Amino acid sequence: MAFRAAEPLTLERRGAFFVNHRHGTRDGGGTITVGQMYVEYEIPPRAGRRSRPVVLLPGGCHTVATFDETPDGREGWRTYFLRRGFPVYLAEWVGRGASGFDPSRIHRAREEGDPALLPRFLHLSQEEVWTIFRFGPAPGVPHPGLRFPLHAVEHYYAQLLPNTEAVLEEPELATTEALIALLERIGPSVVIGHSRAGNALLPAAVRRPELFAALVELEPIGCRAYYREEDLPSLARLPFLGVYGDYLEGTVWAPYAEESREFAGKLTAAGGMARHLVLPDTGVTGNSHMLFMEDNSDEIADLLIRWLDDQGCCPPEP
């Protein structure tokens, strides 16, 4: 597969760091680092730079690679938002990918001979991904008009990995706490999360709404469980956008989309700036669960950026 060249990209700086790390004790003795979130970042030149950064958090069974080049070699949202003037931070789940994970629970299971201590790692098969992520109604059968680049699907399958954060007692809480630490470091940000990321993002917004310039959830796995009615007045102070793609009817995603619609309605009733966006309702059709990888991913990013501009939450720096 030939990857496509893009225009040269100019950066002020780039790098990576960890947040929220602390000391733990290895089984058998010794100090290890635990709880860390790995973050990569790129900062565009000052001319035209936006005043708020974008933080991207992947969903389950993915790493930050999900926002990098698309499976068919086009630029992903990592660089697309950068070219549009946003400093971009890619945050890895605590316990997954480059964040590493604490193996103590696995070692303990081996030493005690107790398999009940072993976590179960969710690792989706290619057949499960095809149907659950709505590439088509059955493995190998695509939906008519699907925008996902199926000719490059093997390159996508290669980036799927187990949810190794299952070794943690409370994996979503660990990522929520690390995300808060990241936002305390870089300041209020536009936070964009995909799928299971919403299970960490919305709790973070409930706890520290002032750290969010806006919250964008791409097909979150439900909203209702992560806020209380008394949280709505403070959450209504930050712009919220929930986004869903196509082919929702009769799938597990339909009730999740309804929860997003309900949440946006409650925020609006509380005086907030919230929208639930189902792409086909705007004439944008053919998108699966992986809408930022598809051949119209730039068009969807532009929809998000226009919405952010309409909220006035990330104007260019003076």
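The values are calculated or read from the model by the stated rules, or taken from the named source; none is laboratory data. Given the structure is predicted, the values throughout are model-derived calculations rather than measurements. Counting neighbours? That spans all protein chains shown, and the Cβs are built from the backbone with ideal geometry, glycine included. Note: accessible area is taken over every heavy atom of the protein model, side chains too, but ligands, DNA and RNA are not part of it. Shrake-Rupley method; radii C 1.70, N 1.55, O 1.52, S 1.80 Å.
Points to keep in mind about this one:
- In Å, descending, principal axis extents of the Cα set of the range 98-227: 48, 43, 28
- Fully extended contour minus Cα-Cα distance, from ARG22 to VAL141, at 0.36 nm per residue: 38.1 nm
- Separation of alpha-carbon centers, the range 134-194 and the range 9-52, rounded to whole Å: 19
- Hydrophobic long helices, here whole DSSP H runs in the chain with Kyte-Doolittle means of at least 0.0 and Cα atoms spread over 15 Å or more along the helix axis, are found at 171-186.
- Entry note, the chain: the mean residue ellipticity at 222 nm calculated from DSSP H runs of n ≥ 4, each adding -39500 (n - 2.57), is -8500 deg cm²/dmol after division by the residues and rounding to the nearest 500.
- Furthest towards positive pole of dipole, SER189, LEU168, HIS155, structure part the range 155-197, Cβ charges: HIS155
- Size of the chain as Cα extents on the principal axes (Å, biggest first): 57, 48, 46
- Modelled FRET efficiency - R0 30 Å, SER51 with ASN296, Cβ distances, 0.05 increments: 0.60
- What the phi angles of the range 245-252 give under the Karplus curve with 6.51, -1.76 and 1.60, with θ = phi - 60°, is a coupling list of x, 9, 6, 7, 4, x, 10, 4 Hz, glycine and proline written as x.
- DSSP bridge orientation in the chain - percent antiparallel, rounded to nearest 5: 45
- 10 Å Cβ shell holding at most 15 others, DSSP loop, GluC sites (Glu not before Pro): longest site-free stretch of the chain: 13-168
- Largest to smallest accessible area among ASP295, ASP302, ASP68, ASP281 [probe 1.4 Å]: ASP281, ASP295, ASP68, ASP302
- Extreme residue, positive dipole direction of the range 78-137, given options ALA91, PHE81, ALA109 (C-beta unit charges): PHE81
- Residues whose placed amide H lies under 5 Å from that of SER189, excluding near-sequence neighbours: PHE212, ALA213, ALA214
- Contour minus Cα-Cα distance for ILE32 and THR131 (0.36 nm per residue): 31.7 nm
- Estimated D of the range 186-287 in µm² per second, where Rh is the Kirkwood radius over Cα pairs and Stokes-Einstein applies at 10 °C, 1.306 mPa s: 117
- PHE101, PHE67, reordered so the largest accessible area comes first (probe 1.4 Å): PHE101, PHE67
- Here each label is just a point 7 Å from Cα along the line to Cβ, and for GLU169 and HIS151 those points are 5.2 nm apart.
- Chain lengthening between GLU230 and SER104 when straightened (0.36 nm per residue, less Cα-Cα): 41.5 nm
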